[in-house]
Amino acid sequence: MYRRRKIALRDSLLSRYSETLGEMMMRRRNEVAMKAARVESELANRTKSAFLATMSHELKTPLNSIIGFSDVIQSLKDGPQAQAQSAEYAGHIAKSGRRLLEVVNDVLDISKIESGSFLLNRQPTDLLDVADAAVEIIRGAILAKEQALDVRLPNDLPMLEVDGKRIKQILVNLLSNANKFTPERGRIAFVAMRSQGGGVTFAVADTGCGMSNDEIAVALKPFGQVQGHLSRTQEGTGLGLTIALGLARKHGGDIKIDSKPGTGTTVFLTLPPDGKSAA
């Protein structure tokens, strides 16, 4: 009888201990989960705040320019000088309007990419023509900073079934970043080559400020670049590289970055041959 009571008491103690331990472990897990949720919420709020601050600046600047020059044009009196000034101010309005459209398009593109609703218009495309067009778009900005541009595009690049407009957008973004973050009289190289299996690899290298591994991770994160010091010193939403990465992956390709602070940056865009290659 005594032995049975002793066993029952032991079982009761073990049961209460197990229940108490289970409650403690559950409470600990809940605390950890709540702490993680708070940290994630704080990071999201900081990212959102930084993004909204950048977007506010990027939207207000061209809008203020458009409104300001429009008011000036309305106040001008008739005469040859007024006509010349009107033409000049109209040019500023057009430039600001195009900048505003770029900002809106960036936001719409990243929203579609993140939601998975972005659709490509794939067609057999001559990538050499696309690359040449991207160079012509950015050439003026490169000349303005007296930078040396070394372009090496082989004539035998394969025809791939891609969205040519979007591939050009990726290349313009990469060249534009190289131009922005490379000082005057710096060097930029734009190279393309066939990759194994019939795909294509593009590379854009510069002698700019470069980035650390942490900065690279932030730059590739959606909306993350707006927190970095690089994007704050340059005009733009900071979404160009994120959009480029999203578009590359929509094509089954990828973007890789090799960079170190003070030594420049090289960005690689790889495009797979695709089963529908028109080579």
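Brief remarks follow.
- Unmet criterion (only one of (1) at pLDDT below 95; (2) in the same structural domain as residue 140 (by TED's automatic domain parsing)) for residue 205: (1)
- Any hit, segment 106-126, residues being among the aromatic types (Phe, Trp, Tyr), in contact with a Ser or Thr (Cβ under 8 Å, 6 or more places away or on another chain) and either outside any helix (DSSP H, G or I) or outside the structural domain of residue 215 (by TED's automatic domain parsing) (or both): no
- Residue selected from segment 69-127 under the condition free of Cβ contacts under 8 Å to residues at least 40 places away in the same chain and among the β-branched types (Val, Ile, Thr), by the criterion surrounded by the fewest Cβ atoms within 10 Å (Cβ to Cβ): 104
- Residue in segment 165-179 that is in the same structural domain as residue 200 (by TED's automatic domain parsing), assigned to a loop (DSSP other than H, G, I, E, B) and surrounded by fewer than 20 Cβ atoms within 10 Å (Cβ to Cβ) present: no
- Qualifying position, being among the acidic types (Asp, Glu) and surrounded by 13 or more Cβ atoms within 10 Å (Cβ to Cβ), among 184, 215, 136: 215
- Single residue of segment 237-264 satisfying the filter (among the polar types (S, T, N, Q) and touching a helix residue (DSSP H, G or I) at 6+ places or on another chain (Cβ under 7 Å)) that is modelled with the lowest pLDDT: 237
- Residue among 185, 166 that alone is charged (D, E, K, R) and either under 19 Å from residue 254 (Cα atoms) or touching a Leu at 6+ places or on another chain (Cβ under 7 Å) (or both): 166
The values are calculated or read from the model by the stated rules, or taken from the named source; none is laboratory data. If you're wondering where the values come from, they're calculated on a predicted model, not measured in any experiment. We place every Cβ from the backbone using ideal geometry, glycine too, and count neighbours over all the protein chains shown.
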